[in-house]
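Right, one structure below, let's go through it.
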Amino acid sequence: MQLAVRTQTSPSVDGKKPPYVIAKDLVKYYPVPGLGHRTVKSVDGVSLTIGEGEVLGLVGESGCGKSTIARLMTRLTHATNGELTIGEHDILHMEGEALRRMRRVVQLIFQDPYSALDPRMRIGQSMETPLEQHRIGTRDERNALVYQMLEEVGLDASFYDRYPSQCSGGQLQRVVIGRALLLKPSFLVCDEPTSALDASMRTQILNLLMDLKRRHGLTILMISHDLRVVRYLCDRIAVMYLGRIVEIADRDELFRAPKHPYTKALIASSMLDETGLHAPEMLLDGDLPSPLNPPDGCKFHTRCKYATERCSASEPEFSTVADEHLVRCHHWRDLG
Ligand code: SF4
């Protein structure tokens, strides 16, 4: 499989820095108890790169494998196959102390801040625990770092002694982001970080993330089912369908000239959410097929209005639409 974009691996080739994150043919199959050798093909050969300081958006419907990518990138689950490097680290083969150190560099922000925090622990204690686990600073220094971080994420000192039940969802997400940043990561994986929040909180948290990204020079993978979120934040966007990337492009290029029928449908439904206006023929029919039994050929052919015999017989490889714009569709040139 062709690596998505920005694949230069040596700065000497063209003077550019190599990508900070390189995933190549990542595969994650989950065995299904009681079904013999059958597996859920959650991630099925994903290649992508993220430049240092870049924000890459990863979008797709629930169940397409986005969260599994987050878990692979943070080593919360083992890959079935493939390669993954973050900075200098060969993530998939790290063990012991090296893996523990790597966990400081790569931090995950979950969707639900309520479940990310222990309800019996005060906020300050929850934020200090990872510092303690990584043996950072003395007790007084850790304490000072937490107060400093509370301020940085827009919370006053009184939050140190509060319990999660005394905070709103938006405040808790600020705590979770601050707790992650205390470890001074260089790569943040955000898995639907605002989907549990209401609209006004959502914008505040997204603005906070962008502000922190600029201040700390973070590289970010922003996972969302909501195209408005990735449009707001991301430099490039990858669209995922049933375990595969089907299109990847610069943010503006993707919205100006989407090529994959699935991307077009996602954009049409996000416009429907925003404006109430839509082109009905662009919207998606049916549900995502089961990753336990994905269709042959193009994975999207069971829902695609333009599917031909070729589509159900053979899976398209990536085609280059323009610089850094790739699409996986046999007929993209004919679809306008
Ligand atoms: Fe649709 Fe065929 Fe393109 Fe797949 S390859 S997206 S089925 S037109």
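The values are calculated or read from the model by the stated rules, or taken from the named source; none is laboratory data. Everything numeric here is computed off the predicted structure, so don't read it as measured data. Here the Cβ is made from the backbone with ideal geometry for all residues, glycine too, and neighbour counts use every protein chain on show. Calculation scope for accessible area: heavy atoms of the full protein, side chains included, ligands and nucleic acids excluded. Shrake-Rupley method; radii C 1.70, N 1.55, O 1.52, S 1.80 Å.
What the table below lists for this structure:
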| read-out | value |
| --- | --- |
| Lone unmet requirement of (1) in a helix (DSSP H, G or I); (2) within 13 Å of the ligand (Cβ to nearest atom); (3) at pLDDT below 95 for Ile267 | (2) |
| Residue list for segment 317-336, filter: closer than 12 Å to Ala257 by Cα and in a strand (DSSP E or B) | Val321, Ala322, His325, Leu326, Val327 |
| Filtered residue count, segment 308-336, keeping only those that are open to solvent by less than 60 Å² (accessible area, probe 1.4 Å), touching a residue at least 40 places away in the same chain (Cβ under 8 Å) and more than 8 Å from the ligand (Cβ to nearest atom) | 7 |
| Segments classed as strands (runs of 3 or more DSSP E), wholly inside segment 45-110, with at least 2 members that are at pLDDT 95 or above and surrounded by fewer than 18 Cβ atoms within 10 Å (Cβ to Cβ) | 81-86 |
| Qualifying positions in segment 270-297 - loosely packed, with under 11 Cβ neighbours inside 10 Å, under 21 Å from Lys66 (Cβ atoms) and either within 15 Å of the ligand (Cβ to nearest atom) or modelled with pLDDT of 90 or more (or both) | Gly286 |
| Selection count where residues are of a type in the set (A, V, I, L, M) and under 23 Å from Thr85 (Cα atoms), scope segment 201-227 | 5 |
| Segment 118-145 - residue that is in a loop (DSSP other than H, G, I, E, B) and open to solvent by 50 Å² or more (accessible area, probe 1.4 Å) and, of those, modelled with the lowest pLDDT | Arg135 |
| Extreme residue, least open to solvent (accessible area, probe 1.4 Å), among residues of segment 161-207 that are part of a loop (DSSP other than H, G, I, E, B) and hydroxyl-bearing (Ser, Thr, Tyr) | Thr194 |
| Filter result for Glu151 (acidic (Asp, Glu) and buried (at least 24 other Cβ atoms within 10 Å of the Cβ)) | no |
| Condition check for Ser115: out of contact with any Ser or Thr (no Cβ under 8 Å at 6 or more places or on another chain), open to solvent by 30 Å² or more (accessible area, probe 1.4 Å), closer than 29 Å to Ile267 by Cβ and not in a loop (DSSP other than H, G, I, E, B) | no |
| Any hit, segment 224-233, residues being modelled with pLDDT of 95 or more and of a type in the set (Ser, Thr, Tyr) | no |
| Leading residue by the ranking (surrounded by the fewest Cβ atoms within 10 Å (Cβ to Cβ)) among those in segment 298-307 that are without any contact (Cβ under 8 Å) to a residue 24 or more places away in the chain and either near the ligand (Cβ under 6 Å from one of its atoms) or farther than 22 Å from Leu266 by Cβ (or both) | Ala307 |
| Count - residues of segment 232-250 that are within 15 Å of the ligand (Cβ to nearest atom), open to solvent by 10 Å² or more (accessible area, probe 1.4 Å) and not in a strand (DSSP E or B) | 0 |
| Qualifying positions in segment 251-263 - touching a residue at least 12 places away in the same chain (Cβ under 8 Å), assigned to a helix (DSSP H, G or I) and more than 10 Å from the ligand (Cβ to nearest atom) | Arg251, Glu253, Leu254, Phe255 |
